[in-house]
Amino acid sequence: MRLKNKNIIVTAAAQGIGRATAIAFANHGANVIAIDINNEILSELNSINSKIKTQKLDCTNKLAVEEFCSSINKIDVLFHAVGFVHHGALLDCDTEEFNRSINVNLYSAYLMSHSLLPKMIKQKKGNIIIVSSAASSVKGVPNRFIYATTKAALNGFVKSIAADYIKDGIRSNAILPGTVETPSWEGRVQMADDPVQARKDFIARQAMGRLAQPEEIASMAMYLASDESEFVTGTLNLIDGGWTL
Ligand SMILES: NC(=O)c1ccc[n+]([C@@H]2O[C@H](COP(=O)([O-])OP(=O)(O)OC[C@H]3O[C@@H](n4cnc5c(N)ncnc54)[C@H](O)[C@@H]3O)[C@@H](O)[C@H]2O)c1
């Protein structure tokens, strides 16, 4: 019960890292509002743990986010995992694709944080955890131009919030996973010209010779969300199986 009675919002909760994290948080006593744009899969969470309430929400929709956040009374933690992987280098990324990644990966984090931070400041306590990536300011990865650019921005995002609001009792940290076996990762494998080889290549680039499971990322999230990490803010937490060694 490391998160007993904490009120936590988890975004991108329908699948992958967000889903595993929502379940882990609820299993440790948190009241979780699990958000996703995909209500069909999201609603499965309702029958998994009664401490999870689901909410369909597009985290890039300003009005919808503000309306939802105005209904929140007490918020201890925002765990934001919304993200989209564009495949390609700079010359493969047109303006529309550029703006889409900025919108989904960066603007969604801004909107959710911008709407919830005033409540946290009022409480004199709050905790923002953003899922970034090792493919960011930490590691240059082929064909991840706009993805890594937005994730690098998120690394600056958490540090800025940590610096500006530390006196208000706000903490802000990022999680930087390597490759995690999630439905969207599986989709990227299947879209490759040779999915069998693509799977092998993804696994080979992890020094440990395996992918992470979403539950392993949830374990790190648990630490950052709990009071065990009270002295931790502005940090970029790699969990990458040695990818960036
Ligand atoms: N899987 C990996 O290998 C990996 C590695 C490093 C970082 N990450 C990051 O972790 C996060 C989660 O990735 P994943 O692979 O676990 O999940 P995923 O990509 O499988 O699922 C993402 C979820 O986000 C939801 N979503 C998308 N846009 C949304 C929006 N506008 N509003 C609300 N929900 C929205 C989708 O419906 C989906 O359920 C992402 O930010 C991703 O960049 C993933």
In order through segment 33-46: 3J(HN,Hα) via Karplus (6.51 cos²θ - 1.76 cosθ + 1.60), integer Hz, x for Gly, Pro: 9, 9, 10, 6, 7, 9, 5, 4, 6, 4, 5, 4, 5, 4
Nearest-ten-degree value, helix 145-165 long axis tilted from longest Cα axis of the chain: 20 degrees
Sites ALA204 and ASN7 - FRET efficiency at Förster radius 35 Å, r taken between beta-carbons, to 0.05: 0.25
Solvent-accessible ranking of LYS56, LYS159, LYS51, largest area first, probe 1.4 Å: LYS56, LYS159, LYS51
Around GLY241: net Lys/Arg minus Asp/Glu count, Cβ-Cβ under 11 Å: 0
Global size of the chain as Cα Rg and Dmax, reported in angstrom: 17.2, 53
Shape box of segment 118-224 [Cα atoms, principal axes, largest first, Å]: 52, 27, 22
Charge dipole magnitude, Cβ of K and R +1, D and E -1 - the chain, Cα centre, debye nearest 20: 840 debye
Packing-based order for 234-242, 200-208, using average beta carbon neighbours within 10 Å, highest first: 234-242, 200-208
Distance from segment 177-200 to segment 32-86 (C-alpha centre basis), Å: 26 Å
Degrees between helix 195-204 axis and first principal axis of the chain (Cα, 0 to 90, nearest 10): 70 degrees
Cβ-defined net charge surrounding ALA152, 13 Å radius [Lys, Arg +1; Asp, Glu -1]: +4
Probe 1.4 Å - accessible area at SER113, Å² to nearest ten: 10 Å²
Nearest-0.05 FRET efficiency for ASN49 and GLU228, computed from C-beta distance (R0 30 Å): 0.90
Added length on full extension, which subtracts the Cα-Cα distance from 0.36 nm per residue, ASN61 to LEU90: 7.8 nm
Rounded tilt (10° steps) of 16-27 against the dominant C-alpha axis of the chain: 30 degrees
Segment ASP194-SER160, extension gain: residue separation times 0.36 nm, minus the distance between their alpha carbons: 8.1 nm
Cβ charges +1 (Lys, Arg) and -1 (Asp, Glu), total dipole of segment 201-242, debye: 240 debye
Cα-centred dipole magnitude for segment 8-120, charges only on beta-carbon of K, R (+1) and D, E (-1), debye, nearest 20: 560 debye
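The values are calculated or read from the model by the stated rules, or taken from the named source; none is laboratory data. The structure displayed is predicted, hence computed values, not measured ones. Glycine gets a Cβ as well: all are built from the backbone with ideal geometry, and neighbour counts include every protein chain shown. Note: accessible area is taken over every heavy atom of the protein model, side chains too, but ligands, DNA and RNA are not part of it. Shrake-Rupley method; radii C 1.70, N 1.55, O 1.52, S 1.80 Å.
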